[in-house]
1. When you scan the stretch 31-73, how many residues do you find that are within 16 Å of GLY20 (Cβ to Cβ), surrounded by fewer than 16 Cβ atoms within 10 Å (Cβ to Cβ) and of a type in the set (Phe, Trp, Tyr)?
2. Given the condition under 19 Å from ASP67 (Cα atoms) and modelled with pLDDT of 90 or more, answer yes or no: does some residue in the stretch 26-48 qualify?
Amino acid sequence: MGRGGLGRLGDWRMLEERSGVVGEYLSRAAMLRRLAQQTRYPDVRERLLLMAAGFERLADQVEKWDDAGFTRAAD
């Protein structure tokens, strides 16, 4: 099957899914940062901030993979 209409629709859906994944990672990072601001325990705050940073790195990695073409479906 070539790159007809369904292929392009599939590409659009995959792009939308990747955007959703990046958005989800960033949303979770923001939630963890809010929780870190609210806790009074320094070690818990540090762990929450480390987890938030991890989600932000995941979002960055998904974007880098996309830019490099690693997340495109095989033809």
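1. Going through the stretch 31-73 one residue at a time, the tally reaches 1.
2. Within the stretch 26-48, one or more residues are under 19 Å from ASP67 (Cα atoms) and modelled with pLDDT of 90 or more.
The values are calculated or read from the model by the stated rules, or taken from the named source; none is laboratory data. All of these numbers come straight from a predicted model, not from anything done at the bench. Heads up, the Cβs are rebuilt from the backbone with ideal geometry, glycines too, and the neighbour counts pull from every protein chain shown.
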